[in-house]
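The values are calculated or read from the model by the stated rules, or taken from the named source; none is laboratory data. All of these numbers come straight from a predicted model, not from anything done at the bench. Positions of Cβ are generated from backbone atoms using ideal geometry, with glycine treated the same way; all protein chains shown enter the neighbour counts. We work out accessible area using only protein heavy atoms, side chains counted, and drop any ligands, DNA or RNA first. Shrake-Rupley method; radii C 1.70, N 1.55, O 1.52, S 1.80 Å.
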Amino acid sequence: MIKKIGLLTSGGDAPGMNAAVRAVVRTAIYSGIKVLGFERGYQGLLDNSYYEMNTTSVSDIIHRGGTILKTARSESFKTSEGQKYASFILEKNEVDALVVIGGDGSFRGAHELSKFGVKIIGIPGTIDNDIYGTDYTIGFDTAVDTVVSAINKIRDTASSHERTFVVECMGRDSGWIALTAGLAGGAEDVLIPEQEFSYQDCAEKLKAGFKRGKAHGIIVLSEGVENSDIFSKTLEKHLGMSVNRTVLGHIQRGGQPSSFDKVMASKMGYWAIEELLRSREDHMIGVKGGEKVLVPFKDIFHNKKDIDPVLLDMTNILNL
Ligand code: ADP
Ligand code: F6P
């Protein structure tokens with residue numbers, strides 16, 4: 001019987017996390033379950049920092065970026081003493097299960113905590129879309145829209161001055177944001193950590209484009225490939241013309257979530273409670289082909305989410 005759950009957001013914030021918080025809280029209350037919202041991720045468990053959430057605690061948040069529960073990266077929780085103490089806090093507060101909204105690091109933490117007898121369900125929230133077992137993570141769609149809107153603005157200047165721009169986007173070791181935004185933004189080249197690149201090829205592609213009459217050269221560079229300052233300076237030498245650089249940074253993490261992210265976050269929050277009521281634990285909720293899937297936490301760490309090769313091929317044809 002689940003009478004009380006804990007809820008926390010952990011790791012990097014992502015637009016749509018609030019919509020997931022709202023869905024978890026309202027579905028739980030509808031199902032007769034109390035919700036304790038722990039603040040600042042796992043650090044909030046260690047600090048016993050929580051408040052009881054009701055339906056109005058989540059009013060007016062579905063459209064807001066960030067997370068009302070705050071988030072943090074907690075080093076103390078990484079130790080087994082930390083995890084043991086967190087399980088003690090949950091027991092002391094008579095919490096029967098925990099819902100964790102975060103990225104793969106947060107799920108590693110969740111899996112460790114489950115070894116101390118805590119029932120946990122995860123909801124994937126990270127702009128990187130790098131979690132194995134799910135097509136989408138909360139925040140990815142919004143981050144891609146942010147990058148595409150930046151590319152569109154940069155293209156105005158690039159075309160007017162007939163220049164080359166490198167646009168550096170986030171993604172850590174994953175190229176999902178760069179590849180998707182590069183395709184949607186009509187970039188001339190997209191460089192991602194999953195694929196080797198050569199300065200020579202990149203410069204040749206740009207030169208050929210200018211020769212065919214293109215007015216701009218836009219390269220989307222995923223942060224995991226190379227430092228964009230070094231990249232731009234090296235490319236300049238191969239290209240023989242100036243290269244401008246824009247680092248998009250944390251604007252990709254904030255802002256109003258897209259409708260897609262809000263709907264997906266709402267579904268995942270709802271599904272999380274549905275699965276806890278079915279006694280599911282130590283799993284992450286995911287979505288595949290639009291349908292709910294359940295992914296064991298340990299499968300997430302033992303597998304890497306691949307880039308869609310079709311997207312990559314398509315990008316290389318459509319940017320001609
Ligand atoms: P994300 O969840 O976005 O990938 P992090 O990798 O920073 O973000 O992880 C969030 C938090 O999860 C960390 O601050 C830490 O408290 C916890 N965590 C991450 N990795 C582990 C691990 N291997 N064991 C235990 N806890 C972990
Ligand atoms: O995981 C999300 C992310 O924004 C990555 O794309 C990026 O590498 C990292 O977090 C930046 O983390 P922070 O904001 O903590 O420096």
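Among the listed pairs 78/115; 34/267; 3/262, which have their C-alpha atoms separated by more than 22 angstrom in this model?
Those over the limit are 3/262.
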Original post:
Each label point is 7 Å from the Cα along the Cα-to-Cβ direction; what then is the distance between the points at residue 263 and residue 54, in nm?
Top reply: 3.3
Original post:
Given +1 on the Cβ of Lys and Arg, -1 on the Cβ of Asp and Glu, and no further charges, what dipole in debye does the chain carry about its Cα centre, rounded to the nearest 20?
Top reply: 540
**OP:** Roll a 1.4 Å probe over the protein chains and send me the accessible area per residue for the range 143-253 in Å².
**Re:** 45
**OP:** Please report how far the C-alpha centroid of the range 1-44 lies from that of the range 275-317, rounded to the nearest whole angstrom.
**Re:** 21
Original post:
Can you give the charge dipole size of the range 143-253 about its Cα centre, rounded to the nearest 20 debye, using +1 on the beta carbon of Lys and Arg and -1 on the beta carbon of Asp and Glu?
Top reply: 420
**OP:** With a probe of 1.4 Å, find how much accessible area the range 1-89 has per residue, and write the answer as a whole number in Å².
**Re:** 44
Original post:
Regarding the range 219-275, what is the average projected area of its C-alpha convex hull, in nm²?
Top reply: 6.0
**OP:** Based on a Kirkwood Rh over C-alpha pairs, give the Stokes-Einstein translational diffusion coefficient of the range 143-253 at 4 °C and viscosity 1.567 mPa s in µm²/s.
**Re:** 96
**OP:** Could you tell me what percent of the DSSP beta bridges with both partners in the chain are antiparallel, to the nearest 5?
**Re:** 25
Original post:
Roughly how many percent of the accessible protein surface of the chain is carbon and sulfur, given a 1.4 Å probe and a whole-percent answer?
Top reply: 49
Original post:
By how many degrees, 0 to 90 and rounded to 10, does the Cα axis of helix 309-318 deviate from the longest principal axis of the chain?
Top reply: 30
Original post:
Which residue, chosen from 246, 195, 17, occupies the Cα position most advanced towards the positive end of the dipole of the chain, where the dipole is computed from +1 (Lys, Arg) and -1 (Asp, Glu) charges on Cβ about the Cα centre?
Top reply: 17
